[in-house]
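A short write-up of the structure that comes next.
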Amino acid sequence: MNLPPVDRAQLVATRRDLHQHPELGFEEQRTSGLVAERLERLGYAVRTGVGKTGVVASRDGAPDGNSRCVLIRADMDALPVEEANDVPYRSSHPGKMHACGHDGHVAIGLEVARRLHAAFLPGGVKFAFQPAEEISNGAEAMIRDGVLESPAVDAAFGIHLWNDLPVGTVALMPGPVMASVDEFEITILGRGGHAAAPHQAIDPVLIAAHVVTGLQSLVSRRRNPFEEGVVSVTQLHAGHAFNVIPARADLRGTVRTFGGKFFDEAPSLVEETARGIARGFGGDAEVRYRRLSRPLVNDGRMTELMTGVAQEIVGRERVIAGIRTMGGEDMSFFLARVPGAFAFVGSAPPDKKGSPHHSPTFDIDEDSLVIGAELVSRTAVRYLETPG
Ligand code: NI
């Protein structure tokens with residue numbers, strides 16, 4: 001491997017600059033401008049506007065090398081969170097914050113691009129700087145716009161900085177590691193009336209309460225206990241007055257799985273449960289069900305390759321298997337099309353607990369940037385050097 005050393009100062013400077021200028025999904029104008037400019041300066045062939053605000057950069061391998069191409073993916077978007085940290089690089093955009101570490105992912109992606117461009121590579125490399133991970137459709141938008149074509153991509157790798165783990169550790173395992181993300185919206189249709197004469201009305205509030213209970217029973221009674229699954233009802237709106245039975249109630253929530261029968265059946269189970277209960281009470285229900293993201297599944301061989309690299313960087317005992325989350329990640333769309341692996345890079349300060357992702361006090365230990373950049377650069381080189 002002939003990679004130049006990681007430039008920690010540059011990594012930190014880039015991450016802090018991005019942290020001060022967070023942009024929400026599909027609004028990453030400044031971020032993608034900065035990314036495209038840096039990549040062009042390095043000498044990559046750059047395409048902008050791939051999946052709206054996404055940026056793609058590629059470089060062919062040596063003429064006598066192999067024809068394989070490896071994709072590195074970094075997500076770029078921030079969250080609608082007001083930052084509560086008092087740090088010099090605090091968000092300067094009110095109500096917006098890099099509260100998930102994607103600022104670090106972009107900085108790492110750019111550092112990997114710099115190092116790989118300076119190295120001899122036996123195959124091609126492509127970078128996908130992806131918009132809108134948090135709203136779950138940036139990856140699909142980039143795939144629709146051809147990020148996996150010309151040149152065709154043979155493998156894909158990515159990381160997430162991870163505050164559940166201390167800096168200096170990496171978590172990686174084959175199979176599903178992040179969950180499918182489904183969203184449902186249910187409208188309960190009753191009949192409005194006087195609170196004192198419920199027999200003249202059909203009470204959607206009572207129906208909604210039973211629907212919530214019924215939906216909770218899906219996990220305990222309709223799912224095989226050996227399959228992972230979560231159903232959460234997160235919104236419930238009905239009524240405007242204490243003495244009026246409203247005509248409708250609206251529910252919203254999410255289903256998470258690692259695939260399998262419960263994943264396949266969830267849309268019909270949610271609909272049957274809501275409508276069946278509503279009709280039992282004399283009302284009805286309309287159900288809208290959307291699949292936002294599929295389970296993220298790590299390929300066995302690619303995970304083994306990336307695990308070997310991680311062990312060289314942080315030491316065998318600091319690479320952990322068994323870390324999974326019911327959170328979603330639209331890297332899953334890339335990994336459903338090409339084999340690859342996605343690793344969690346520990347980013348919590350070693351002595352204290354890190355603030356959770358998406359919280360207003362989220363911050364990372366910046367040593368994790370160096371580990372992330374090493375891991376991704378060396379994984380890409382190792383993949384291209386390994387006979388296919
Ligand atoms: Ni994230």
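The values are calculated or read from the model by the stated rules, or taken from the named source; none is laboratory data. Just so we're clear, the structure is a prediction, and the values are computed from it rather than from any experiment. Note: ideal-geometry Cβ built from the backbone for every residue, glycine included; neighbour counts use all protein chains shown. Note: areas computed on protein heavy atoms with side chains; ligands, DNA, RNA excluded. Shrake-Rupley method; radii C 1.70, N 1.55, O 1.52, S 1.80 Å.
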Just for the range 122-132: of the residues that are away from the ligand (no atom under 16 Å from the Cβ) and part of a loop (DSSP other than H, G, I, E, B), which one is most open to solvent (accessible area, probe 1.4 Å)? P122
All positions within the range 207-223 that are free of Cβ contacts under 8 Å to residues at least 40 places away in the same chain and either open to solvent by 80 Å² or more (accessible area, probe 1.4 Å) or touching a Phe, Trp or Tyr at 6+ places or on another chain (Cβ under 7 Å) (or both): T213, Q216, R221, R223
What is the residue count in the range 1-16 for residues that are open to solvent by 40 Å² or more (accessible area, probe 1.4 Å) and part of a helix (DSSP H, G or I)? 5
Residue by residue through the range 281-316, note down the ones that are free of Cβ contacts under 8 Å to residues at least 60 places away in the same chain and at negative phi. R301, Q311, R316
Subset of the range 181-206 [farther than 17 Å from R288 by Cβ and either open to solvent by less than 50 Å² (accessible area, probe 1.4 Å) or assigned to a helix (DSSP H, G or I) (or both)]: G190, G192, G193, A195, A197, P198, H199, Q200, A201, I202, V205, L206
Of all residues in the range 321-330, which are at negative phi and either surrounded by fewer than 16 Cβ atoms within 10 Å (Cβ to Cβ) or not β-branched (V, I, T) (or both)? A321, R324, M326, G327, G328, E329, D330
Taking the condition of being away from the ligand (no atom under 16 Å from the Cβ) and crowded, with 24+ Cβ neighbours inside 10 Å, how many residues in the range 170-179 meet it? 2
Out of the residues in the range 69-92 that are part of a strand (DSSP E or B) and of a type outside the set (A, V, I, L, M), state the one that is farthest from the ligand (Cβ to nearest atom). C69
If we keep only residues of the range 44-59 that are surrounded by 24 or more Cβ atoms within 10 Å (Cβ to Cβ) and more than 13 Å from Q29 (Cα to Cα), then the residue nearest to the chain's Cα centre (by Cα) is V56
Can you pull out every residue in the range 93-111 that is part of a helix (DSSP H, G or I), within 14 Å of the ligand (Cβ to nearest atom) and within 17 Å of D365 (Cβ to Cβ)? H102, D103, G104, H105, I108
Name the residue, out of F344, F333, that is part of a strand (DSSP E or B), surrounded by 20 or more Cβ atoms within 10 Å (Cβ to Cβ) and under 15 Å from the mean Cα position of the chain (by Cα). F344
Residues that are aliphatic (A, V, I, L, M) and open to solvent by less than 30 Å² (accessible area, probe 1.4 Å): does the range 21-33 have at least one? no
Is it the case that some residue within the range 113-121 is in contact with a strand residue (DSSP E or B) (Cβ under 7 Å, 6 or more places away or on another chain), assigned to a loop (DSSP other than H, G, I, E, B) and not acidic (D, E)? no
E286 fails exactly one of (1) outside the structural domain of V231 (by TED's automatic domain parsing); (2) among the acidic types (D, E); (3) open to solvent by 50 Å² or more (accessible area, probe 1.4 Å), namely (1)
Does S136 meet the test of being assigned by TED's automatic domain parsing to the domain that holds K352, within 16 Å of the ligand (Cβ to nearest atom) and open to solvent by 10 Å² or more (accessible area, probe 1.4 Å)? yes
Which of (1) over 24 Å from the mean Cα position of the chain (by Cα); (2) in contact (Cβ under 8 Å) with a residue 24 or more places away in the chain is the odd one out, the single condition Q20 does not satisfy? (1)
Subset of the range 154-180, residues touching a helix residue (DSSP H, G or I) at 6+ places or on another chain (Cβ under 8 Å) and in a loop (DSSP other than H, G, I, E, B), comes to V167, G168, T169, L172, M173, P174
